[in-house]
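The values are calculated or read from the model by the stated rules, or taken from the named source; none is laboratory data. What you are looking at is a predicted structure, and each value in this text was computed from that prediction instead of being measured. Methodologically, a virtual Cβ is constructed for each residue, glycine included, from the backbone with ideal geometry; neighbour enumeration extends over all protein chains shown. These accessible areas exclude ligands, DNA and RNA; they are computed on the full protein's heavy atoms, side chains included. Shrake-Rupley method; radii C 1.70, N 1.55, O 1.52, S 1.80 Å.
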Amino acid sequence: MPAYTEAIEQRLLADPVFLADIADAVGGPFHVLFPERVALNIKAFQQVFAAADVDGFVYFGKKANKAACVVRACAENGAGVDVASTGELVAAMAQGVRGEDLMVTGPAKSDELLWLAARQRALIAIDALDELERLAALDLPVRVLLRVLPEGSTSRFGLDPMELEQAIQAVKAPITLSGFSFHLSGYDAAARSEQAAALLGHCRRARANGHPADTISIGGGFGVDYLDASAWDEFRNALSDNWFHASPPGDYYPYHFPVPGAAMLDAILAHNNLAELLRDNGIRLAVEPGRALLDRAGSSVFRVQGVKTRIAQGNPYDILTVDGTSLSLSEQWFDSEYLPDPVLWPHTTGHLTPTCVGATTCLESDLLSRRRIPLPRRARTGDLLVYPNTAGYQMDSNESTFHELPLPPKVVLRADADRLRWSLDHTAR
Ligand SMILES: *Cc1c(COP(=O)(O)O)cnc(C)c1O
């Protein structure tokens, strides 16, 4: 199941020495990021807003990746950042994101986060009534959105209808009610469009009470297309427990996603002509994509430390041990598995070899790939294994220093006209 990759990654993998040089310099597993791709992803969202003639704004959902070069790309390309902790807020501002371009979400925000957000004139998504009370006590001019619990949702986030009414009544100068927000799990365009239309009613009522209420944020959840349709269909139709070392995973991300990222925003705006509704009502639409802004913007690189051969149902397969852990691919945490095929580097020819990939820890279940991946040759100690398209959540949302292993640093890769250049991300210096 080969992943779609960016041209700069293909250049990196095709170069005879560049990847090995970085690996030697770092001396352990690492992640490589392509901020130029983040810029393209941001621009694709902005172009959809422009083409639909909708006043829109992109906030990057920062929890999806910690790299400094990603928020720098936001600052350089007119995107804001959606943060949920003081650490995220400070990291975004350190890369040049202006306070007014921050959206502060997250439940039960600490006093420290509210204070910083208010001082920096960030837009604050209110998730509970006491947040409003604590903000009012600061007596600072702040803009807020009220985060709505969507009808029929059992989420622990957002304000239910009664809390929402109380919140609308409670907002008083110097606090400004800028509008309403929601964040849905799942990846359904129509549901997001319909929920946005429902929030328009709240905006109208709030306006009748003298509030500006000119912003609706529809949160994140823009899908990413990792694999082509035929590879994904083939996998799902032929899926068998026998393909896995030990137990198979329970569930998977929809790795083939036909209308991803900015195209999904286009579908949301087209559904029931939401674009016109927003225009007619003078509403600015905010989006908070995390994963979608990181599509094809980074990969994770491990070195093979050991190779064993085992037999299952009479067929031999290899078990590799690499120099990192499955927490750098995150999905095992959700009883799932990251399915796009890793690339074995260097590319030399050999025999197709079913291979699963274990971590350098003493935990039986710590495997990066339980699936026996058909690698194009047998892996050897010292080879590199490159997991593609891991920038969205996979590479660092769950990393830990378990076993006193260092966290894999992030490397930034840029393409000059004649050559590639790499540097350490600010988070790795
Ligand atoms: C996680 C989150 C996002 C980003 O979600 P993605 O699925 O990565 O697009 C945006 N907004 C809020 C409030 C979130 O919690």
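Annotations for the structure displayed:
- When the Cα atoms of the chain are aligned to their principal axes, the ranges along those axes come out at 72, 45, 42 Å in descending order.
- Scanning residues 5 or more positions from Arg284 or on other chains, those with amide H under 5 Å from its amide H are Thr215, Ile216, with H placed 1.01 Å from N in the peptide plane.
- Value of [θ]222 nm, deg cm²/dmol, for the chain, DSSP H segments ≥ 4, -39500 (n - 2.57) each, nearest 500: -9000 deg cm²/dmol
- Angle in degrees between helix 261-270 and the longest Cα principal axis of the chain, rounded to the nearest 10: 40
- Difference of contour (0.36 nm per residue) and Cα-Cα distance, Asp214 to Leu277: 21.4 nm
- Mean separation of Cα pairs under 8 Å and 6 or more residues apart, divided by the residue count, gives the chain a relative contact order of 21 percent.
- Cα long-axis angle, helix 35-51 against the chain (0 to 90 degrees, to the nearest 10): 40
- Counting only residues at least eight positions apart within a chain, or on another chain, the lysines with an alpha carbon under 22 Å from that of Lys62 are Lys43, Lys109, Lys410.
- Qualifying trypsin sites (Lys or Arg not before Pro) in segment 170-263, where qualification requires a DSSP coil assignment and no more than 15 other C-beta atoms within 10 Å, comprise Lys172.
- Taking only the C-alpha atoms of segment 105-222, the Rg (one decimal) and the largest Cα-Cα distance, Dmax (whole number), read 13.6, 39 Å.
- Placing one equal scatterer on every Cα of segment 1-129 and applying the Debye formula, the log10 ratio I(q)/I(0) at q = 0.12 Å⁻¹ is -0.59.
- Spin-label zone in segment 328-372 - amide nitrogen under 20 Å from a point set 7 Å from the Cα of Ala7 along the C-beta vector: none
- Inter-label distance for Leu420 and Ala50, nm, one decimal - labels placed 7 Å from Cα along Cα-to-Cβ: 3.0
- Rough spin-label spacing in nm, given labels placed 7 Å along Cα→Cβ, for Asp139 and His351: 8.0
- Values of log10 I(q)/I(0), in the order q = 0.21, 0.28 Å⁻¹, for segment 380-421 under a Debye, Cα-only, solvent-free model: -0.97, -1.09
- Residue-count net charge about Leu239 - beta-carbon cut-off 15 Å; Lys, Arg +1, Asp, Glu -1: -1
- Within the accessible area of the chain (1.4 Å probe), percent carbon and sulfur: 52
- Percent of Cα-Cα distances greater than 21 Å, calculated over segment 289-429: 45
- Counting only alpha carbon atoms, the long axis of helix 229-238 and the longest principal axis of the chain meet at about 70°.
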